[in-house]
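Chemist: One structure is given below, represented as structure tokens, and several questions about it will come after.
Readers should treat all values here as calculations from the given coordinates under stated rules, not as data from a laboratory. Quick caveat: nothing in here was measured; it's all calculated off a predicted structure.
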Amino acid sequence: MVKSDAGMQRTRSAILDAAARALGRRPDAAIAEIADEAGVGRATLYRHFPTRESLLRGVAEAGMAELAEAFAAANLDELPADRAITRIIAVYLRNGAKYAAVISQADQFCDAADIERAGQPIREVIARGIRDKVLRDDLHEDIVLAMFSAIVERALWLTVGEVTTPEEATEAAVTIFLNGARQPS
């Protein structure tokens, strides 16, 4: 009996979801553990992903695609830059946490065009924020973007490690990025 394309896609999606969860808990999770979590046998998992690297690539690509879709749906260009930054962080912490184990290695596992597509909305908001004087204009745009990325990535790991909730991490990241860590006067 041949499985339908829709059935194959559901199995593939279940494997990717299970892999994202298992790898998020433990980056060295065994293939057998991932197959169990997906509710499939190892042979089925290997039919879809013949190597661990191909599985990691699949998880990273799914994460990039999900982030790109979420950013597109967030209507960032309709918001003032500071509100768009808040929305970017919230989207990233909500969607990125699932893929935290591999998203930091996206350049190793994803096509450069996919990474560019996912990151372009962020670059556009940062550039608009600088242009509109919401963000500092005395620093190069690439530096502002790198600092923003570092703060958001740290917030992601705080949520993954269950140190804080995604909502609290979003609020902290927005406050630190937009207002700095200095005590308000």
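Chemist: In deg cm²/dmol and to the nearest 500, what is the mean residue ellipticity at 222 nm of the chain if only DSSP H runs of at least 4 residues count, each as -39500 (n - 2.57), divided by the residue total?
Modeler: -23500 deg cm²/dmol
Chemist: How large is ³J(HN,Hα), in whole Hz, for each residue of region 159-167 in order, when computed from phi with the Karplus curve 6.51 cos²θ - 1.76 cosθ + 1.60 and θ = phi - 60°, using x for Gly and Pro?
Modeler: Working through the residues one at a time gives 6, 4, x, 6, 6, 8, 7, x, 5 Hz.
Chemist: Given Cα pairs under 8 Å that are at least 6 residues apart, what percent is the relative contact order of region 9-147?
Modeler: 26
Chemist: Moving to a separate point now. Distance between Cα centroids, region 10-26 to region 129-185: provide it in whole Å.
Modeler: Result: 29 Å between the Cα centres.
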